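Comments concern the structure below.
The values are calculated or read from the model by the stated rules, or taken from the named source; none is laboratory data. Treat the numbers as computed from the prediction; the structure is a model and nothing was measured. For neighbour counting, all protein chains shown are included, and Cβ atoms are generated from backbone atoms with ideal geometry for every residue, glycine included.
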Amino acid sequence: FSPWTDPASVPFIRFENVTKRFGDFTAVKDLTLDIYEREFFSLLGPSGCGKTTLMRMLAGFEEPTEGRILLQGKDISGVPPYRRPTNMMFQSYALFPHMTVAKNIAFGLEQDHLPKSEIDARVAEMLKLVKLEEFAKRKPNQLSGGQRQRVALARSLAKRPKVLLLDEPLGALDRKLREETQFELMDIQQNLGLTFLIVTHDQEEAMTVSDRIAVMDKGEIMQVATPAEIYEAPNSRYVADFIGDINIVDGKLEGVQTVADGDLATVTCYDGLKMVVAQLSCKAEPGASVAFAIRPEKVHISVDPPADPSANALSGEVWDIGYLGDFSVFIVKLADGSTFRAAQANTHRLVDRPITVDDKVWLTWPVDAGLVLTR
Ligand code: ATP
């Protein structure tokens with residue numbers, strides 16, 4: 001499923017040069033974004049970057065100050081929220097405490113004056129979908145947090161929207177339940193063939209559920225890509241740093257050599273130490289200030305110096321080891337006093353692990369594991 005790679009696909013939703021100002025504050029800046037039918041799309045970014053504002057404009061609760069929003073090619077400016085094929089599920093769930101689960105799910109359908117038989121059928125269908133058939137007669141305060149979240153989801157889906165907007169949908173759930181619910185959401189989205197747009201500041205959640213992610217900063221989109229692309233090939237220092245753990249070091253681009261399978265860049269950092277890296281995130285001229293970046297799990301740590309003297313390598317002393325269960329992170333202090341992180345999967349028993357604090361170690365990596373970031 002990758003309609004965005006086909007130039008002939010028509011976007012389902014298009015934000016076209018959308019700007020939103022509140023007084024003299026610009027919450028969304030000249031933003032253009034396409035989302036495709038049946039896509040599970042995440043807006044990811046720090047608090048206040050404009051995610052919710054973007055979603056509220058699609059739902060019709062706010063109008064853009066400039067630009068337009070197109071749905072299946074039609075400008076939806078001025079169309080009130082209840083006439084849009086969108087439905088928004090709020091973080092607070094906003095369930096009615098005095099109504100049963102079934103009544104909560106039926107509420108929107110009753111407002112629309114659907115025939116009773118139709119309402120009953122849809123409520124039953126939704127209860128089954130979210131696996132709450134036995135809870136139809138309970139009130140929200142007789143449910144767990146996860147069950148309440150499912151009632152809110154059922155209520156949002158009962159009106160059969162084409163696009164479901166989810167604002168931090170799992171924010172109130174504990175970690176284990178969150179993970180389970182993420183897979184349920186993906187299942188439901190795929191079974192119903194709907195387009196889901198989710199707002200989150202949890203990068204792991206966005207990586208797990210999304211077909212594509214837009215990483216936002218201060219009202220602008222920094223990168224739109226699949227989770228793997230965002231992680232493996234971030235287009236900027238900001239995106240690299242926002243998603244996952246990464247070592248980033250300032251350097252200077254010495255030169256770029258074109259080789260059989262791409263560009264091989266040489267970067268000088270750490271007092272003249274040269275690094276050879278295969279991936280250049282965008283064009284830069286020799287002499288340009290760049291950043292060299294590498295994920296800790298791509299760095300190999302060893303007490304032995306590299307056999308190949310021309311390999312990318314740094315030496316230092318182990319300053320601390322963070323044990324994370326599946327992984328251990330080694331924080332290595334380099335000669336210049338800075339630190340560098342290497343992660344290693346804990347496939348061996350702890351007692352068998354040869355590296356401990358204060359050991360002198362070598363950090364090495366293959367040429368294609370590092371990135372050169374130009375902004
Ligand atoms: P969070 O993750 O904290 O919800 P967000 O990325 O969703 O953040 P928005 O809610 O879209 O951020 O807000 C973007 C910016 O616009 C914030 O600085 C916020 O204070 C401002 N803002 C949002 N709504 C209004 C409003 N009605 N009036 C004035 N400023 C607003």
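Of the listed requirements (1) away from the ligand (no atom under 14 Å from the Cβ); (2) over 29 Å from Pro81 (Cα atoms), Phe242 misses just one: (1). Screening Ile246 on (1) more than 14 Å from the chain's Cα centre (by Cα); (2) under 18 Å from Ala284 (Cβ atoms); (3) modelled with pLDDT of 90 or more; (4) crowded, with 17+ Cβ neighbours inside 10 Å shows it passes everything except condition (2).
Yes or no, residue by residue, for (1) touching a Gly at 6+ places or on another chain (Cβ under 6 Å); (2) acidic (Asp, Glu); (3) surrounded by 14 or more Cβ atoms within 10 Å (Cβ to Cβ); (4) on the phi > 0 side of the Ramachandran plot:
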residue: Ser117; (1), (2), (3), (4): no, no, no, no
residue: Glu133; (1), (2), (3), (4): no, yes, no, no
residue: Ser144; (1), (2), (3), (4): no, no, no, no
residue: Leu157; (1), (2), (3), (4): no, no, yes, no
residue: Arg175; (1), (2), (3), (4): no, no, no, no
residue: Thr181; (1), (2), (3), (4): no, no, yes, no
residue: Asn191; (1), (2), (3), (4): no, no, no, no
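Screening the candidates Ala284, Ala240 for the property of being out of contact with any helix residue (DSSP H, G or I) (no Cβ under 8 Å at 6 or more places or on another chain) and closer than 30 Å to Lys20 by Cβ yields one hit, Ala240. Selection over region 26-57 of residues that are on the phi > 0 side of the Ramachandran plot and either surrounded by fewer than 18 Cβ atoms within 10 Å (Cβ to Cβ) or out of contact with any strand residue (DSSP E or B) (no Cβ under 9 Å at 6 or more places or on another chain) (or both) gives a count of 3. Meeting the requirement of 2 or more residues that are in contact (Cβ under 8 Å) with a residue 12 or more places away in the chain and within 20 Å of Ala106 (Cα to Cα), the helices (runs of 4 or more DSSP H) wholly within region 124-220 are 145-158, 175-192.
Picking from residues in region 314-337 that are β-branched (Val, Ile, Thr) and out of contact with any Pro (no Cβ under 9 Å at 6 or more places or on another chain), the one that is farthest from Tyr270 (Cα to Cα) is Ile321. For region 185-215, filtering for residues that are within 16 Å of the ligand (Cβ to nearest atom) and in contact with a Lys or Arg (Cβ under 6 Å, 6 or more places away or on another chain) leaves 1. Going by the structure shown, is Lys159 in contact with a strand residue (DSSP E or B) (Cβ under 8 Å, 6 or more places away or on another chain) and in the same structural domain as Thr52 (by TED's automatic domain parsing)? So Lys159 passes the test. Regarding Ser315, is this residue farther than 24 Å from Tyr238 by Cα, within 26 Å of the chain's Cα centre (by Cα) and assigned to a strand (DSSP E or B)? No. In this structure, Thr32 does not qualify as within 16 Å of the ligand (Cβ to nearest atom), polar (S, T, N, Q) and in a strand (DSSP E or B).
Just name the residue that is nearest to Ala291 (Cα to Cα) out of those in region 221-243 that are within 13 Å of the chain's Cα centre (by Cα) and assigned to a loop (DSSP other than H, G, I, E, B). Going through the qualifying residues, I end up with Pro234.
Of all residues in region 9-25, exactly one satisfies the criterion of being away from the ligand (no atom under 12 Å from the Cβ), in a strand (DSSP E or B) and among the aromatic types (Phe, Trp, Tyr), namely Phe15. The residue that is nearest to Ile243 (Cα to Cα), among those in region 296-337 that are surrounded by 13 or more Cβ atoms within 10 Å (Cβ to Cβ) and of a type in the set (S, T, N, Q), is Ser328. Taken as a whole, the structure leaves Gly60 outside the set of residues that are loosely packed, with under 15 Cβ neighbours inside 10 Å, assigned by TED's automatic domain parsing to the domain that holds Leu127 and small (Gly, Ala, Ser).
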